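The values are calculated or read from the model by the stated rules, or taken from the named source; none is laboratory data. From a predicted model like this one, the values you see are computed outputs, not experimental measurements. In this analysis, Cβ positions are derived from the backbone assuming ideal geometry, glycine residues included, and neighbour counts consider all displayed protein chains. Each accessible area value is taken on the protein alone, full model and side chains, heavy atoms only, with ligands, DNA and RNA left out. Shrake-Rupley method; radii C 1.70, N 1.55, O 1.52, S 1.80 Å.
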Amino acid sequence: MSTGTKETAGDNGAEAAIPELVIISGMSGAGRSTAAKCLEDLGWFVVDNLPPALIPTMVELGARSQGNVARIAVVVDVRGRQFFDALRESLADLDAKQVTRRIVFLESSDEALVRRFESVRRPHPLQGDGRIVDGIAAERDLLRELRGDADLVIDTSSLNVHELRAKMDAQFAGDEEPELRATVMSFGFKYGLPVDADLVVDMRFLPNPHWVPELRPYTGLNEEVANYVYNQPGAKEFLDRYTELLQLIAAGYRREGKRYVTIAVGCTGGKHRSVATAEKLAARIAAEGVETVVVHRDMGRE
């Protein structure tokens, strides 16, 4: 992401504000349209399926609007694949002009995407004469580099429309954005790693409260469970040291212009150790001035 001057000279010599830009992309069926509609409802000027080569032109037009178009969201997807190779060149052009831009990437599991395409009885745009999974695989390959460059990756595998909108609102509804936003997510390794995790913490080095009969029915939100977990040898020391490590990582993220980070905290089932740790870790991060959201992905799933 590039950040820099907010102004450029207009045709009449006056200063013209450069619009803020968000590029929405990701897997077909992962919720791009919902994310774009959410930004539109928040007052953004949204352009769907704009050829990537035209993105700098759209920003220039916004700069000439005398402040009427202050925030632009552009949806880029494989329907414009004949133009997709131009995206890298357009991003370099935006960076050279010091345009503040962010990339939001909508991700989802193969299983969820297949289910969604089958439910609406529509083919995947890249499957051709093959199967839906063939189209998904081709699209993942096409978007791999863009996903790696994304400022925000949202996994919609287990999200409904309202939950996705809530995530977008949490990131874009505020008048002033914080330097860094964190999502701390507990999960169970037996259900798979969160695909949108930037950092993964494994709490299986601590004894499992599942094997304590009086604690088994409860979750890490229960005070007795949390006390059991953090009275174990090494637990408090781990929390202290990992918090210090996150301070170092957060400083680097800020220098690199990364605004969002997802910290996945795992244990076997995502019920006890990971939940208790996610709560404590989120409290530590929030105390450092980072806006923090806690999500317990697999709690109650057993």
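Among (1) buried (at least 21 other Cβ atoms within 10 Å of the Cβ); (2) within 12 Å of the chain's Cα centre (by Cα), where does Leu113 come up short?
For Leu113, the failing item is (2).
Hey, among Ala138, Ala92, Ala96, Ala112, which residue is of a type in the set (A, V, I, L, M, F, W, C) and in contact (Cβ under 8 Å) with a residue 24 or more places away in the chain? Outline the logic, then answer.
On the way: Ala138 fails: in contact (Cβ under 8 Å) with a residue 24 or more places away in the chain; Ala92 fails: in contact (Cβ under 8 Å) with a residue 24 or more places away in the chain; Ala96 fails: in contact (Cβ under 8 Å) with a residue 24 or more places away in the chain.
Answer to the check: Ala112.
Here's a check for you: in the range 52-68, which residue that is touching a helix residue (DSSP H, G or I) at 6+ places or on another chain (Cβ under 8 Å) and buried (at least 18 other Cβ atoms within 10 Å of the Cβ) is nearest to Ser158 (Cα to Cα)?
Of everything passing the filter in the range 52-68, Pro52 is nearest to Ser158 (Cα to Cα).
Given (1) open to solvent by 30 Å² or more (accessible area, probe 1.4 Å); (2) within 22 Å of Val261 (Cα to Cα), where does Gln98 come up short, assuming only one miss?
Going through (1) open to solvent by 30 Å² or more (accessible area, probe 1.4 Å); (2) within 22 Å of Val261 (Cα to Cα) one by one, Gln98 breaks only (2).
Look at Val184 and say whether it is in contact with an Asp or Glu (Cβ under 9 Å, 6 or more places away or on another chain), among the β-branched types (Val, Ile, Thr) and over 21 Å from Ile24 (Cβ atoms).
yes
Strands (runs of 3 or more DSSP E) wholly in the range 143-215 with at least 1 residues that are open to solvent by 70 Å² or more (accessible area, probe 1.4 Å) and at pLDDT 95 or above - which ones?
On the way: elements: 152-155, 181-188, 199-202.
In the range 143-215, 199-202 are the strands (runs of 3 or more DSSP E) which contain 1 or more residues that are open to solvent by 70 Å² or more (accessible area, probe 1.4 Å) and at pLDDT 95 or above.
Please count how many residues of the range 142-157 are among the hydrophobic types (A, V, I, L, M, F, W, C) and under 10 Å from Val195 (Cα atoms).
We begin by selecting, within the range 142-157, every residue among the hydrophobic types (A, V, I, L, M, F, W, C); these are 142-143, 146, 150, 152-154.
Imposing the further condition that a residue be under 10 Å from Val195 (Cα atoms) reduces the set to 153-154.
Total meeting the criteria: 2.
Condition first: outside any loop (DSSP other than H, G, I, E, B), open to solvent by less than 40 Å² (accessible area, probe 1.4 Å) and among the β-branched types (Val, Ile, Thr). Now tell me which residues in the range 216-249 satisfy that.
If the condition is that a residue be outside any loop (DSSP other than H, G, I, E, B), open to solvent by less than 40 Å² (accessible area, probe 1.4 Å) and among the β-branched types (Val, Ile, Thr), then Val225, Val229, Thr243 are the ones that fit.
What's the total number of residues in the range 250-296 that are open to solvent by less than 40 Å² (accessible area, probe 1.4 Å), out of contact with any Asp or Glu (no Cβ under 6 Å at 6 or more places or on another chain) and closer than 18 Å to Gly234 by Cβ?
So the count comes out to 9.
Does Arg165 satisfy the condition of being of a type in the set (D, E, K, R) and free of Cβ contacts under 8 Å to residues at least 60 places away in the same chain?
No.
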